[in-house]
Amino acid sequence: MKGKLLVVGFGPGSFEHITKRAEDAIKESDCIIGYKTYVDLIRGLLTHQEVISTGMSEEVSRAQAAVRLAEEGKVVAVISSGDAGVYGMAGLIYEVLIEKGWTEEKGVEVEVIPGISAINSCASLLGAPVMHDACTISLSDHLTPWKIIEKRIDAAGQADFVIALYNPKSGKRTRQITEAQRILLQYRSPNTPVGLVKSAYRDSQHVVITTLEKMLDHDIGMLTTVVIGNSSTFLYDNKLITPRGYQRKYTLDTAEQRLKPHERLRRENEPWALHEGKEEQTVEKAINVDSPLDLAMEALIKLDGPNKSTDDQPMNPMHEKVESIFELAVSPGVANKRITPKQMLAIAEVVGERGTMEYTPHHQIILRIPTEDPSDITSKLQETGLLLSPTGDVFQLKACDFCDGEKSDPIPYAEEIQQKLGGLELPKELRLGFNGCGMACYGAVNEDIGVVYRKGKFDLFLGGKVVGRTAHPAQAVAEGIPPEEIVGVIDTIIQEYKEKGHPNERFFKYFKRVREVQGYQHRDIAPVIELEPAPCGD
Ligand code: SAH
């Protein structure tokens with residue numbers, strides 16, 4: 001008689017959530033091997049089986065015993081909660097077999113039977129948090145170095161994954177979850193919805209909805225899975241919802257969809273997808289791309305949620321109805337600082353009674369206009385020769401007026417940089433100061449990046465910290481860059497920062513972290529006195 005190893009994931013814990021195959025496998029086995037708590041959970045299914053239950057940390061001896069019994073000819077069920085292939089026994093069983101030179105052809109038969117893993121069972125109790133790209137991370141550093149776990153949390157935070165944290169905390173391991181929270185707060189809002197599910201589908205099931213900021217105020221233990229939303233996850237009626245996709249592809253308030261099935265995959269209906277060839281980037285297009293938050297808001301408004309704000313639902317700003325506000329920056333031109341009456345009138349007309357215009361320190365007026373038709377606004381403004389740019393975390397060029405156009409030699413280079421990089425989305429807003437002579441009276445050297453034209457060539461300054469009590473100018477990194485090289489130099493620096501900067505990492509921080517950008521070295525400048533950090537509002 002040939003033995004068999006059945007590696008069974010029996011789901012979260014209740015009989016309703018065991019698959020038919022898992023139940024049959026348990027019934028057809030001669031013996032059951034598993035952690036005592038798990039054996040107790042499925043005890044009601046047992047008839048004649050011999051039970052070998054062991055303590056938690058004896059996983060290796062459990063796997064060895066299972067293999068030995070199967071080799072003796074027994075049908076052995078090795079049980080794991082959830083899925084046996086997710087931090088369960090499946091891997092260990094194969095490792096023990098491999099050690100013995102097992103092959104599928106010659107060795108005992110192995111069947112791995114899938115089960116509902118905690119990420120799925122817990123998600124179902126929270127609403128629909130795992131609707132988009134998600135990952136699981138186990139915070140247990142018994143078998144994995146913390147350095148690696150830390151790196152994975154950081155990467156998942158950066159990549160905006162929905163995250164399910166397994167093994168978040170135990171009697172001795174209490175710091176890991178605090179560290180995980182600290183890392184994720186670098187990338188996500190403190191208000192990010194979080195679900196804590198303890199013992200899903202077991203008698204002691206307990207569900208808490210909280211936020212990334214407040215999650216540690218609640219009980220988290222060995223039987224808890226912590227589900228952390230991505231940047232568009234929102235709360236509705238105490239449920240975590242992560243929108244599935246782009247609102248332009250589906251409407252929620254009508255039975256009939258705006259796009260017919262055959263139209264949905266057309267290129268113009270998926271402007272966010274990776275297409276063959278190069279994407280044209282018009283100002284209008286760049287401004288119109290919806291952020292995940294906007295999409296979540298839109299979806300929620302369609303659901304028409306009640307405007308509740310209780311302690312249980314602390315941070316749901318999306319329950320408030322918001323109008324779609326179109327935001328853009330206007331200026332008369334790269335070097336030109338004079339606005340004509342016609343341009344003023346055009347701005348006043350598009351802003352109307354309900355819009356606002358805000359003058360910034362950066363040679364721009366920010367317009368915020370409630371509208372359903374941004375293209376009408378952009379075309380009216382462009383007709384008068386105004387330069388339009390998107391706002392937010394984008395590349396901005398802040399040039400001087402080149403002595404009212406008198407010193408015009410470097411202007412074409414400024415214009416080329418604007419054309420190439422203006423409005424480019426970056427990890428954080430970035431201003432490039434571009435001044436036309438060594439006086440640099442428009443303060444190029446005090447911006448994230450400074451370019452100063454002098455004696456027919458360019459000087460380059462990198463990494464200014466533009467605000468705060470620890471503000472400092474950018475560091476002089478090169479003198480006398482030939483004009484034909486300057487656009488390329490700036491372009492490669494910006495492309496590197498776009499690709500490698502962390503979300504929200506300002507250029508000076510990036511420069512300090514990587515120490516060298518395109519061959520330009522960072523130098524540490526010792527502060528005169530140590531200053532206490534003072535975040536916004538302090
Ligand atoms: N193989 C299991 C995971 C084992 S690791 C699976 O696929 O689900 C143990 C961790 O899983 C626990 O610390 C907890 O984070 C999670 N977990 C397992 N069952 C759970 C349940 N019923 N409710 C909540 N979390 C659970």
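Tabulated data
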| read-out | value |
| --- | --- |
| Test result for Tyr201, among the hydroxyl-bearing types (Ser, Thr, Tyr) and on the phi > 0 side of the Ramachandran plot | yes |
| Matching entry among Leu126, Leu139, Leu196 (being within 15 Å of the ligand (Cβ to nearest atom), of a type in the set (A, V, I, L, M) and farther than 20 Å from Ser231 by Cα) | Leu139 |
| Residue pairs meeting the criteria (Cβ under 6 Å; at least 6 apart or on separate chains; first assigned to a helix (DSSP H, G or I), in the stretch 198-216; second within 15 Å of the ligand (Cβ to nearest atom) and open to solvent by less than 30 Å² (accessible area, probe 1.4 Å)) | Met215/Val194 |
| Residue list for the stretch 82-116, filter: more than 16 Å from the ligand (Cβ to nearest atom) and either open to solvent by less than 90 Å² (accessible area, probe 1.4 Å) or in contact with a strand residue (DSSP E or B) (Cβ under 7 Å, 6 or more places away or on another chain) (or both) | Val96, Leu97, Gly101, Trp102, Thr103, Gly107, Val108, Glu109, Val110, Glu111 |
| Which listed residue is open to solvent by 50 Å² or more (accessible area, probe 1.4 Å) and either at pLDDT 95 or above or of a type in the set (A, V, I, L, M) (or both), from Thr210, Thr136 | Thr136 |
| Per-region count, the stretch 1-36, residues hydroxyl-bearing (Ser, Thr, Tyr), surrounded by fewer than 17 Cβ atoms within 10 Å (Cβ to Cβ) and closer than 19 Å to Val110 by Cβ | 1 |
| Residues located in the stretch 150-175, provided they are under 15 Å from Thr136 (Cβ atoms), of a type outside the set (D, E, K, R) and assigned to a helix (DSSP H, G or I) | Ile153, Ala155, Ala156, Gly157 |
| From Ala478, Ala440, residue being in a strand (DSSP E or B) and within 30 Å of Val528 (Cα to Cα) | Ala478 |
| Enumerated strands (runs of 3 or more DSSP E) restricted to the stretch 1-93, each holding at least 1 residues that are touching a residue at least 24 places away in the same chain (Cβ under 8 Å) and among the basic types (Lys, Arg) | 4-9 |
| Cross-chain or 6+ apart pairs with Cβ under 7 Å, the stretch 340-358 first and more than 10 Å from Leu381 (Cα to Cα), then assigned to a helix (DSSP H, G or I) | Met357/Ile347; Met357/Val351 |
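The values are calculated or read from the model by the stated rules, or taken from the named source; none is laboratory data. These figures come from a predicted structure and were not determined experimentally. In this analysis, Cβ positions are derived from the backbone assuming ideal geometry, glycine residues included, and neighbour counts consider all displayed protein chains. When the accessible area is computed, the model is the full protein with side chains, heavy atoms only, and any ligands, DNA or RNA have been set aside. Shrake-Rupley method; radii C 1.70, N 1.55, O 1.52, S 1.80 Å.
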